[in-house]
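Notes for the one structure printed next.
The values are calculated or read from the model by the stated rules, or taken from the named source; none is laboratory data. Since the structure is predicted, the reported quantities are computational estimates derived from the model, not experimental observations. We place every Cβ from the backbone using ideal geometry, glycine too, and count neighbours over all the protein chains shown. Accessible surface areas use protein heavy atoms only, side chains included; no ligands, DNA or RNA. Shrake-Rupley method; radii C 1.70, N 1.55, O 1.52, S 1.80 Å.
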Amino acid sequence: MQSQHALRTTDNPLTLLRYLDLVVLVLALPLFVLADLPLLGYAAAAFAWLAQRAIRELLNRRAKASDDPRTVAGLLAGSMIIRGWLAALSIFGVGLADRDAGLSAAVLVIALFTIFLSGEMITRPFEAGGKPR
């Protein structure tokens, strides 16, 4: 008999790659504290990153539920634009208050974006039932 792990969410091991950016975000907090980096920068980056991930999820679900190609294209394009502006304005705003915080927020968001995009590129072909499309 096979035991079930309490934290197991799926049979696909690539699923962890979809959330690796969030793991890195959590692990960045102790790094910010130990390296005496501005916590305002961490807070701004974390807020922007979590908000843009939530917006992405919400609009992607709406796009998947739609049968109209124009609606799908509009939602996905709008999502990209809104999320980019949200991240940029958060970094810019905190940078006006404290240059070091703005720099640390920018570096963290760039790192999270790189990790997220890499995970998306690796896992995207395996979305449909574990088989490449």
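Say we look at the range 1-25 and pick out the residues that are surrounded by 13 or more Cβ atoms within 10 Å (Cβ to Cβ) and in a loop (DSSP other than H, G, I, E, B); which of these is modelled with the lowest pLDDT? If you could, list the steps in order and put the result at the bottom.
Of the range 1-25, the ones surrounded by 13 or more Cβ atoms within 10 Å (Cβ to Cβ) are 12, 14-22, 24-25.
Subset that is in a loop (DSSP other than H, G, I, E, B): 12, 14, 19.
Working: Asn12: 70, Leu14: 79, Tyr19: 92.
The selected residue is Asn12.
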Of the residues in the range 40-84 that are among the polar types (S, T, N, Q) and buried (at least 17 other Cβ atoms within 10 Å of the Cβ), the one that is farthest from Ala97 (Cα to Cα) is Ser79
Considering every residue within the range 116-129, establish whether at least one is of a type outside the set (A, V, I, L, M), modelled with pLDDT of 95 or more and surrounded by fewer than 16 Cβ atoms within 10 Å (Cβ to Cβ).
-> no
Leu37 vs. criteria open to solvent by 90 Å² or more (accessible area, probe 1.4 Å) and either at pLDDT below 85 or in a loop (DSSP other than H, G, I, E, B) (or both) = no
If we scan the range 68-75, do we find a residue that is assigned to a helix (DSSP H, G or I) and under 19 Å from the mean Cα position of the chain (by Cα)?
-> yes
